[in-house]
Structures are given as C-alpha cells and as structure tokens.
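Written out below as structure tokens is the structure these notes cover.
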Amino acid sequence: MRKFGFNKEETTLDPFTDLLFNGLLGFAFMFAIAFMLIKPTPEEAKIDPDAEFIITVSWPDEHPDDIDTYVEDPQGNIVWYHIREAGLMHLDRDDRGNFKDTIMMDGEKINNPLNQETITLRGIVKGEYVVNVYHYLANTVDEIPVKVKVEKVNPTVQVIFYDTLFVNGKGTELTAARFILDKDGKVLSVYKKPKKLTVLTRQRK
C-alpha cells in the first residue's frame, strides 16, 4: 500500500523556473539602483543659468508700437537699446514692435509675432535697481498694456515682481519697479517710485 506523504521528486523545483525567478529578482534590483542614480537630488534640480535675475517686458503680439526697457543698477549704469551692456546688465533682445519681424526662408515669409524685450543681470551688485518702460514709437492711438516681470533665477526661479502697466502715447515713461538687493542677491524690498531714466541717458550723450 502506498503511504501518504510528500514525494521528494514532486517537490523539487524545476531548475529553469528557479533560474528565471533569480533572473527577475536581479533585474528588479538593478532597476531600483538605476532609478535611484538617475533621480535628481534637490541640489541637481536647481537652475544654474548665466544670470542671477531676468527682467522681461512684453506687449501684445503683432502690435506695431515700439516699447523700450531701461534698467539702472546701483552704480548708476543704465542699459537700454543704445547701450546694450552696462555693468553686469545685458539687453538680450531689443524688440521694435513689428519692425523687421518678417524674415524670408526658402522663399517663404515667416512672421515672428512676439513683442518682448529681455534684460539679464549676470552678477550681483548690492543696492537699488530701477526698471522703466518707455513708449518710443507710437503707430496707434490705443492704450497699450505692457507686462513687466522680474525673476530671481539663481539658485531657483522666484518671481519677485509682476505687473501690467499701460502706456498711451509716444514719450510715455513709467517706472515699473524698484528693488533692493543685498550683497548675496537677497531681495530686501520691491516698490514703486517714479524715476525718469531717459533724462539721465540724454545727459550722458
């Protein structure tokens, strides 16, 4: 009579199954290690561009009017379309409305509708900065909304100022923002107090 019990041959694992199980286990382990290696740490996720602050001025796309940006640093340097580099400031893009916004490529006209100027601060100078917008050329009689944004981009992006101003004719100059930095680039205050920068640039010619 056959006795009830476990048969040794029946309970032995198939070598192929055992090998497959170990292979899958090893693959899962390597995947976990790889994921930990590629996952960015908080330090690696920080932005590190060639700028400390970025000032962006924009107005409606395809609008024909020319809006200019003026920025003064604590040492009295002023960057504008005529002087695109001053101190540690740089005018990266001078937009002239829809002037020269069309280029020819392979016999086809391509239009760039964006109206935007960008100024970067590529270093820190302790003190007050002044950001102005100036309505240089008016082709319309309409009031124009001008958006001004100041971002601190190092070590991480932080918007320190954002507002919409309205210019209503050639020669209109408005102070968008004034902000004060300490020696480490920390923003101590942001406020509005009118200051004409175009007058200062004319005096220096």
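Values in this text are rule-based calculations from the coordinates and carry no lab data. Being a predicted model, the structure only gives us computed values, none of them experimental.
Report, in listed order, any pair from 147/192; 149/192; 147/183; 126/147; 147/193 with a Cα-Cα distance greater than 20 Å. Can you show the working numbers first?
Details: 147/192 15 Å; 149/192 14 Å; 147/183 28 Å; 126/147 26 Å; 147/193 18 Å.
Violating the 20 Å limit, Cα to Cα: 147/183; 126/147.
With N as its number of residues, the stretch 132-199 has a Cα radius of gyration that, divided by 2.2 N^0.38 Å, comes to 1.31. Quick check: from the Cα gyration tensor, does the stretch 53-203 come out rounded (a/c under 1.5), prolate or oblate? Prolate is the answer for the stretch 53-203, as a/c is 1.5 or above and a/b outweighs b/c.
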